[in-house]
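Written below as structure tokens is the structure these notes are about.
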Amino acid sequence: MDEAIVQARRVTKVYETGRLRLEALKGIDLDVRRGEMVAVVGPSGCGKTTLLNCLSGLDDVTSGAVTLEGKDLATLADLERTKLRSRRMGFVFQSFNLLPVLTALENVELPLLVAGVDPRVAKRRSQEALERVGLGGHVGHKPRELSGGQQQRVTIARSLVNEPAIVWADEPTGNLDTETGQEILDLLHELNRKQGQTYVIVTHDDAIAASCHRIVHMESGRIRDIQEGQGQPVELAAFRR
Amino acid sequence: MLGAVLVVLALLVATVVGIQAARRPILFRMAVRTALRRPRQTATVVAGLMIGTAIISAALVAGQSSSSAIRGAVYDALGPVDETVRMDGLYFFDQELQDGLLDDPAVAAYFDAAAPNILWQVATDNPRTDLFEPGVQLVGFDPDLDVGFGDFETERGPLDGRDLGAGQAIATQGLADKLDLRVGDTVRLAYTLPVDPLLPELTVFGGTLAGSDPGSIGLPLPPAEQNPATDVHALTVEPGATRAVFVLACGIPEQVDCPAGTRLRLTATDPAGVATSIELDAGACTDCGTPSVFLNVTPDGPRLPEGAWTLTVQGAVAANVPYLLVAAPLHPVYDLEAFQARVQELAELDRDALDRFASGFGAPEEETVRIAAVTTGGRGDQFDFDEALFVPLADAQAMLERPDQVNLIKFSNPGGVQDGAEGTDDAVALLNATLESLRAARPGDPAAPHVLVNPVKQEFLELADDAGELMTGLLIFAGSLSILTGLLLIINIFTMLAEERRAELGMARAVGLSRRDLVGLFLFEGSLYAVAAALVGALLGMALAFLMVVGVNQVIATQGSGFPPIPFAPGPDALPVAFSAGALLTFATIFFASRRQSRLNIVRAIRQIEEPDKQGRPWLLWVGAPLALVGALLSVGAWIAGQFSLIVFAPLLMALGLRMALATRLRRRVLDPALAGLLAVYYVATIFLIGTFDNVREANVVGPIRGVLLTLAVVVVLSHWEAGPRWMGRVLQRARGLRAVALPSVAYPQHKRFRTGMTLAMFSLVILSIGFFSIFGSLFQVDPARHTGGFDVEATATLRVESLDAYDRGLVDDSLVRSQHELLDHSTFDLDFITVDGERTGQFGPPMHHVYGIDRAFLESQEFRLLWTLDDLGDQETYERLFTEPGTIIVSYPYSTNEQGQDLAHEVGETLRMHFGDETREYTIIGIQEQFHFRGVWLPSEEVDGLFPQADRLYLWDLQPGADAGAVAKDLERTHRDVGLDAEPSQELVAEEQETFNQILTAMKLFLGLGLVVGVLSLGIVTSRAVLERRQEIGMLRAMGFTRRQVRRVFFLEVTFIVVLGALIGIATSIIVTYGLWFAFIRELQYPYAVPWSEIGWLLAVAYAVALVATAAPILRAARVAPAEALRYVE
């Protein structure tokens, strides 16, 4: 449990658009331990999503270093980072970001296909993933034919299907009503417990944050403090191969 | 006229839009700001919208340039000459008429210049270089009067020709090049004397010469009073005869043998007592079946003395011998009808001998001239003769034995070379009035009524304008699919713009804008785009036309055809007309697209939820059902009546009606592909059933339209087919490199059905049009021998001689020649001379008719295949029928076409008429030949000879296999140089004609390539939009682990999917359509159907390559999208 899967050291991120210069992250130091669920909270514009993007390698940092499973992301080429994402990470977003033209099954298949898994195997595993999130009966539906909660479940299935080490979730319940949001949260906790993945969740929702193991409070691009949450970290040894 | 209407309409629309903008300024402001908000996107939209305008503009300017080229050629050829006065056939007329015309004070006052000319064909050779040129124009000019038409330009400076001495000539540079002439060279001219269309006024005398002892009578015969065998006949010669031919035959009509030792004398004494006689010695009168004595009385002046003549026949014969004396004063007959009547009269007699005089055969005359100068331009270019010799008029008259006669008077109107033509109407009126009074003063002159004013420059300029309009029409017709493609692109662009702004529009509706306001908003924005696009498009079209002109000029220069380069000459109306047409088209399309887009659901629009598949409103049932019923009834009626147009369009009407009616019950995603599928199947079926209709005349226009409908129907079906792309995606997934990208690649086009359908339609229509021309062109690439009847060399002679053999220098190896034939060949530029089934025939090639006369010997050598024969007789039987059944005729293929150029408009069994003034001759067409090299109608020689005693000769040679036709043609020219033989290898000529046809097709395909530009541009725009639209999704894919290369592959595969599918649809429909046309029309020509796969392959490769180039930029941009930024992206 003490092993840090992600380490951020003095991470800064500056956006420059013409004359505008916005310092979104101002020297972030953070360790995310394997198997824990970390919530990142803070007011709008405090840099939560930016932090998530920088830690996951979706975005470059302006200065500082981010290591993921011991690899310094800054030293990796775009292709290596992409491969790392495809093999070790999963993503859940507020707006689901499913491909509207693909069915639920096809959406879930994609990460496996990207990783080079045989299409037949990918199909079987995707079906299993959808069943795990309770959508076994909706494999042929397109996103527009699913409710918001169902769409987010598909997203979660997609993020987990390739058994990532870490899942990044940006406001996973932001577009959902309270009840559905809770269902999704329960699902994430359940998956965390059963599969031992690490979760970094950006949220506005105090309840969600509280249910995590640790809560990172951000303010104006800085970590104000880190609190322990109510969640209980999983025993990682059970998931080690 | 149409141009003016378009401009007025455009102004009207602009006014209405302006008024609306003033009434709803907020909407107009919104439209302007939207247009200006994203300049790059606006530029892309304008680029897409301008294509249609560019095509219209290019076609218009190309047409105007070609018109200008022809006008330029007319100005070059005629120079200051605006009108000519002459007779058809360039017969000679008295100089008195010329003097009367030129001396008329009104004429002298009006024209800048007027001068008589003699134009005559001669053959030439240069003894110094031993080079010869068979077809040279001899121009006799009046040194003093011709000065008014400018100087001869020479290397030594201008020359007015007044210093030209007798026996001297000025040669054109073209002739100098051919004969390697130098100033001072003597050139030998060979020519035949001009003849008038003479026909005899026949008087036949008979009698019997009393027998005596011929042995005691020698030549000359003793005077009549001492000779018992003397008969005297009186003959009255009517005014106007030019000369007389007297034919005396002994033994006729009883066919008794002419006793040996017979001697004959015929004496003709004119009213003044001047006698001309001829005697025949013994022995010559052994065959009494043919005329024995010919006496040709040619007067010193232009006319035979009129009045009482005496004809005396004297003989020295052993026994009483009957004789026949035919007196034939020859009268010029310029009136065709009278000419025909006389010919009939003549045909009743044995007239072989008379024909020899009447038809003008004679031994070639010879003369020499010394080259005084070589002209490089100026007056030397007049009438555009490449090879010409200018000699003083008096010399020409002396050479041609036509003292005081000319065959042309030319006039130059006030003003310059170009604006002079504007005075043509006044000039013609003045000349006609003067000629009328001259005719009245010369009642006995048979030529005077037929000397006519010819507004030559005006006529050619009108032809130039017609040709320009034809070119414009042709290009617009050829480019119509490209224009249609451009319109589809406009719809596509506006649909994409509307989709992109759905939320914004939904908000606008939510805050109170009505649907009408939304349409207005789009229209204002669209009008801004339309104006910009029409302006840029019109200019771009001009640039395209310029490139086309440059391209054509390069071809002209490469071919060395001698045609002058085409000037780039946009007319003053080109820009406003193209602008108006383009703006109106764009505006109209935007209007309909806007109406479609205004029907959005506010909540769905704001929340960006896709519109569901809508069901139709109830009123559609009441409109659709009757439409479907009418369509169904018309369809049934069309099949019963065999009406091809209705067979194509009525089911379409039925399908549209059904769509409206059933839309209330069924979803469109089911209804549309079902109806389109049924239509597609139906159209494919009609292609194979068309051969069963009798009336397929309209099929060559409606046929391609059916191709377009078929293409669109297939596109609708395929763009609704969900399982197909998925299946394809699964198949592609098996390739390791495509594993992750296959599904999104095929799923996106399938998801964006309308957009994909439009893009597919655009691409497939473009491929259809290019593929159509490629396949269609390849169908006509046939063995040239099929068009030459198996003959290898064809020739005409400058000089009319009765037999070529008499002028053979023996330079051709006879073993190379299998057979040689002589055909009569009467040609006329009068397109109304022949009609079939009451209408003009379609002539592709020079606008003229030929009437060929053939004999039976020709039938045995020729291989002109007949495509259709009356009563299904064999080819040989049908040709034989020409000789056994009067009133029958065989025609070449062009005579089966009508004036609009539609093939097979005429068939065997129809009536062909030749029009001689008020008289008409009717023939039944008994055979239609496959060939269109010798375009004309075919009759027995005897008939052609009777109709056209002045007919030219066409010589044909069939060579032994392996003989070099080009070399033999050259040898034939050399061996018959005395008669100015101009020989060509026939099959090479056909091959050149085919090459020209191919070049036209290539030019057409290049022009259609503009459509490809539209299709490709459309793909570029669609891809560009797709990249923008899918930025977040791209971010997601990248987050998920898609590499940049995989993102690129998704888009490349998507483009490939559309290009390949569009190309396959286009190629398939072009094969089906061309097969249908072949099946209906060309199959009977016995041309095989073949698809030029390599050309099609190249076409597809080029289409794909340019599509990749066009989409490369947005695709690369997509791959460069930073995932975090893309995920954050909100437009």
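The values are calculated or read from the model by the stated rules, or taken from the named source; none is laboratory data. The structure presented is a predicted model; accordingly, all values stated were derived computationally and were not measured. Here Cβ is always computed from backbone atoms with ideal geometry, including for glycine, and neighbour counts include all displayed protein chains. These accessible areas exclude ligands, DNA and RNA; they are computed on the full protein's heavy atoms, side chains included. Shrake-Rupley method; radii C 1.70, N 1.55, O 1.52, S 1.80 Å.
At a glance:
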{"quantity": "Pair list, Cβ < 6 Å and 6+ apart or interchain, from region B:392-417 residues that are closer than 19 Å to B:Glu83 by Cβ to residues that are open to solvent by 30 Å² or more (accessible area, probe 1.4 Å) and part of a strand (DSSP E or B)", "calculated": "B:Leu408/B:Arg86"}
{"quantity": "Test set (1) small (Gly, Ala, Ser); (2) at the interface with another protein chain (Cβ under 10 Å from one of its Cβ atoms); (3) farther than 13 Å from B:Thr1056 by Cβ; (4) touching a residue at least 40 places away in the same chain (Cβ under 8 Å) - B:Ala747 fails condition number", "calculated": "(4)"}
{"quantity": "Qualifying residue in region A:35-52 (condition: more than 10 Å from every other protein chain (Cβ to nearest Cβ) and part of a helix (DSSP H, G or I))", "calculated": "yes"}
{"quantity": "Given (1) open to solvent by 20 Å² or more (accessible area, probe 1.4 Å); (2) in a loop (DSSP other than H, G, I, E, B), index of the condition A:Thr173 fails", "calculated": "(1)"}
{"quantity": "Filter pass, B:Ile647 being modelled with pLDDT of 85 or more and within 33 Å of the chain's Cα centre (by Cα)", "calculated": "yes"}
{"quantity": "Strands (runs of 3 or more DSSP E) completely within region B:742-857 that count 1 or more residues being not β-branched (Val, Ile, Thr)", "calculated": "B:793-797, B:817-828, B:849-854"}
{"quantity": "Pairs, first more than 11 Å from chain A (Cβ to nearest Cβ) in region B:1112-1131, second at pLDDT below 85 and buried (at least 22 other Cβ atoms within 10 Å of the Cβ), C-beta under 6 Å, six or more apart", "calculated": "B:Pro1114/B:Thr1023"}
{"quantity": "Leading residue by the ranking (farthest from the other protein chains (Cβ to nearest Cβ)) among those in region B:1046-1071 that are more than 28 Å from B:Glu500 (Cβ to Cβ) and surrounded by fewer than 21 Cβ atoms within 10 Å (Cβ to Cβ)", "calculated": "B:Ile1071"}
{"quantity": "Close pairs (6 angstrom Cβ cut-off, 6 or more residues apart or separate chains): outside the structural domain of B:Glu1084 (by TED's automatic domain parsing) in region B:857-877, in a loop (DSSP other than H, G, I, E, B) and not charged (D, E, K, R) anywhere", "calculated": "B:Gln862/B:Gly789; B:Glu863/B:Gly789; B:Glu863/B:Gly790; B:Phe864/B:Gly789; B:Phe864/B:Gln931; B:Trp868/B:Val908; B:Leu870/B:Val908; B:Leu870/B:Gly909"}
{"quantity": "Close pairs (8 angstrom Cβ cut-off, 6 or more residues apart or separate chains): closer than 11 Å to B:Glu973 by Cα in region B:802-815, among the basic types (Lys, Arg) anywhere", "calculated": "B:Arg809/B:Arg974; B:Arg809/B:Arg977; B:Leu811/B:Arg974"}
{"quantity": "Considering residues of region A:176-190 that are among the hydrophobic types (A, V, I, L, M, F, W, C) and surrounded by fewer than 24 Cβ atoms within 10 Å (Cβ to Cβ) only, the residue farthest from the other protein chains (Cβ to nearest Cβ)", "calculated": "A:Leu185"}
{"quantity": "Cross-chain or 6+ apart pairs with Cβ under 8 Å, region B:174-195 first and more than 16 Å from B:Arg977 (Cβ to Cβ), then of a type in the set (Gly, Ala, Ser) and surrounded by fewer than 17 Cβ atoms within 10 Å (Cβ to Cβ)", "calculated": "B:Leu193/B:Gly362"}
{"quantity": "Segments classed as strands (runs of 3 or more DSSP E), wholly inside region B:916-990, with at least 1 members that are open to solvent by less than 40 Å² (accessible area, probe 1.4 Å), touching an Asp or Glu at 6+ places or on another chain (Cβ under 6 Å) and within 21 Å of B:Asp805 (Cβ to Cβ)", "calculated": "B:952-959, B:981-985"}
{"quantity": "Matching option when the condition is at pLDDT below 75 and of a type in the set (Phe, Trp, Tyr), among B:Phe591, B:Phe563", "calculated": "B:Phe563"}
{"quantity": "All positions within region B:176-206 that are outside any helix (DSSP H, G or I), within 11 Å of B:Phe132 (Cα to Cα) and open to solvent by 50 Å² or more (accessible area, probe 1.4 Å)", "calculated": "B:Asp180, B:Arg188"}
{"quantity": "Unmet criterion (only one of (1) open to solvent by 10 Å² or more (accessible area, probe 1.4 Å); (2) in a strand (DSSP E or B)) for B:Gln999", "calculated": "(2)"}
{"quantity": "Within region A:65-166, helices (runs of 4 or more DSSP H) holding 1 or more residues that are open to solvent by 60 Å² or more (accessible area, probe 1.4 Å) and within 14 Å of another protein chain (Cβ to nearest Cβ)", "calculated": "A:78-88, A:119-132"}
{"quantity": "Flag if B:Glu1125 is in contact with a strand residue (DSSP E or B) (Cβ under 9 Å, 6 or more places away or on another chain) and either assigned to a helix (DSSP H, G or I) or at pLDDT 80 or above (or both)", "calculated": "no"}
{"quantity": "Residues that are at pLDDT 80 or above and part of a strand (DSSP E or B), drawn from region B:300-325", "calculated": "B:Gly307, B:Ala308, B:Trp309, B:Thr310, B:Leu311, B:Thr312, B:Val313, B:Gln314, B:Leu325"}
{"quantity": "Residue match in region B:1076-1096 (condition: more than 11 Å from chain A (Cβ to nearest Cβ) and of a type in the set (Asp, Glu))", "calculated": "yes"}
{"quantity": "Residues of region A:42-57 classified as at positive phi and touching a strand residue (DSSP E or B) at 6+ places or on another chain (Cβ under 8 Å), total", "calculated": "3"}
{"quantity": "Scope region B:650-671; condition in contact with a Ser or Thr (Cβ under 9 Å, 6 or more places away or on another chain) and of a type outside the set (Gly, Ala, Ser); matching residues", "calculated": "B:Pro651, B:Leu653, B:Met654"}
{"quantity": "Among (1) more than 19 Å from the chain's Cα centre (by Cα); (2) closer than 27 Å to B:Arg1030 by Cα, the one test that A:Ser44 misses", "calculated": "(1)"}
{"quantity": "Yes/no for A:Glu23 being open to solvent by 20 Å² or more (accessible area, probe 1.4 Å), touching a residue at least 60 places away in the same chain (Cβ under 8 Å) and on the phi > 0 side of the Ramachandran plot", "calculated": "no"}
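Yes or no, residue by residue, for (1) of a type in the set (Ser, Thr, Tyr); (2) over 29 Å from the mean Cα position of the chain (by Cα); (3) on the phi < 0 side of the Ramachandran plot; (4) not assigned by TED's automatic domain parsing to the domain that holds B:Arg1038:
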| position | (1), (2), (3), (4) |
| --- | --- |
| B:Gly737 | no, yes, yes, no |
| B:Gln750 | no, yes, yes, no |
| B:Gly757 | no, yes, yes, no |
| B:Met762 | no, yes, yes, no |
| B:Ile775 | no, no, yes, no |
| B:Asp792 | no, no, yes, yes |
| B:Gly810 | no, yes, no, yes |
| B:Ile834 | no, no, yes, yes |
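Residues are listed down the side, and each one gets a yes or a no for (1) touching a Leu at 6+ places or on another chain (Cβ under 7 Å); (2) in a strand (DSSP E or B); (3) at pLDDT below 85:
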site	(1), (2), (3)
A:Val200	yes, yes, no
A:Ala207	no, no, yes
A:Ile223	yes, yes, no
A:Gln227	no, yes, no
A:Gln232	no, no, yes
